[in-house]
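**Q** Provided herewith is a single structure, encoded as structure tokens, for subsequent inquiry.
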Ligand SMILES: [Zn+2]
């Protein structure tokens, strides 16, 4: 049967299953209000993911992805669903069906990003996947951006919490270093401390064989062996 007929069916089934998981997870954390919120977020994301054929049912990790996206990773899923909805409304965002179907991720070529020239990942959704117009680099996308998708599934809300706390601490560290190195642009130090040195980013850049990245300032970038290959600067 073609995907044209299977997609709505899969969308409904995944929405139901994800919605149930989200309701239970939300109930545990936030009572009836949590159950409602969790059920809606997981159900809406599940409907879109099912329709797009995102999950790879032939492998355990596809099932793990569904369960994690609908429970422990729900904060990321809520953010990712907002990104998906924004991208559906943006004419520049094309869903790359071949790189999405059974790949446990939503891959948008173009679409929303918080920074020019950078891909952007929230929850299970990758946006602006070809930021420089050089064509999609699936190796980079799988090694860096998709790793963020799995980091959210494994670390759940601790993933988002780390980004927030790391950014706050990073501003302080960057400001203290800048006081002793006034010739260095403060913006570069903040970007290195807050973003590049974030353990989840460091992990992703290293996983892509791209450490230290070109944008990271050597005064603050984590030391360690340089990668032998220059990966995408994202
Ligand atoms: Zn990253």
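Residue-wise test of (1) outside the structural domain of residue 15 (by TED's automatic domain parsing); (2) under 14 Å from residue 10 (Cα atoms); (3) touching a helix residue (DSSP H, G or I) at 6+ places or on another chain (Cβ under 6 Å).
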residue: 47; (1), (2), (3): no, yes, yes
residue: 55; (1), (2), (3): no, yes, yes
residue: 60; (1), (2), (3): no, no, no
residue: 70; (1), (2), (3): no, no, yes
residue: 75; (1), (2), (3): no, no, yes
residue: 81; (1), (2), (3): no, no, yes
residue: 93; (1), (2), (3): no, no, yes
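**Q** Given the structure, is residue 91 away from the ligand (no atom under 16 Å from the Cβ), part of a loop (DSSP other than H, G, I, E, B) and at pLDDT below 95?
**A** For residue 91, the condition - away from the ligand (no atom under 16 Å from the Cβ), part of a loop (DSSP other than H, G, I, E, B) and at pLDDT below 95 - is met.
**Q** Of all residues in region 174-208 being more than 14 Å from the ligand (Cβ to nearest atom) and part of a loop (DSSP other than H, G, I, E, B), which is surrounded by the most Cβ atoms within 10 Å (Cβ to Cβ)?
**A** My answer is 184.
**Q** In region 127-144, how many are touching a strand residue (DSSP E or B) at 6+ places or on another chain (Cβ under 8 Å) and crowded, with 24+ Cβ neighbours inside 10 Å?
**A** Selection size over region 127-144: 4.
**Q** Turning to a different aspect of this structure: Can you name the residue in region 114-126 that is within 12 Å of the ligand (Cβ to nearest atom) and touching a residue at least 12 places away in the same chain (Cβ under 8 Å) and is also surrounded by the most Cβ atoms within 10 Å (Cβ to Cβ) among such residues? Outline the logic, then answer.
**A** Residues of region 114-126 that are within 12 Å of the ligand (Cβ to nearest atom), as a first pass: 114-115, 118-122, 126.
Remaining after also requiring touching a residue at least 12 places away in the same chain (Cβ under 8 Å): 118-122, 126.
Values: 118: 16, 119: 25, 120: 20, 121: 28, 122: 25, 126: 30.
Per the criteria, the residue is 126.
**Q** Count, please, the residues in region 152-162 that happen to be exposed (fewer than 15 other Cβ atoms within 10 Å of the Cβ) and either under 10 Å from the mean Cα position of the chain (by Cα) or in contact (Cβ under 8 Å) with a residue 12 or more places away in the chain (or both).
**A** 2
**Q** Among all residue pairs at least 6 apart or on different chains, which show Cβ distances below 7 Å where the first residue, located in region 139-151, is under 17 Å from residue 122 (Cβ atoms) and the second is within 10 Å of the ligand (Cβ to nearest atom) and modelled with pLDDT under 95?
**A** Going by the 7 Å Cβ cut-off, the qualifying pairs are 144/234.
**Q** Moving on. Being crowded, with 17+ Cβ neighbours inside 10 Å and part of a loop (DSSP other than H, G, I, E, B) is the filter here, so list the residues in region 102-112 that pass it. Walk me through how you get there before you give the answer.
**A** Restricting attention to region 102-112, the residues satisfying the condition of being crowded, with 17+ Cβ neighbours inside 10 Å are 103-112.
Scanning region 102-112 gives 103, 104, 105, 110, 111, 112.
The values are calculated or read from the model by the stated rules, or taken from the named source; none is laboratory data. Note that this is a predicted model, so its numbers are computed, not measured. Note: ideal-geometry Cβ built from the backbone for every residue, glycine included; neighbour counts use all protein chains shown.
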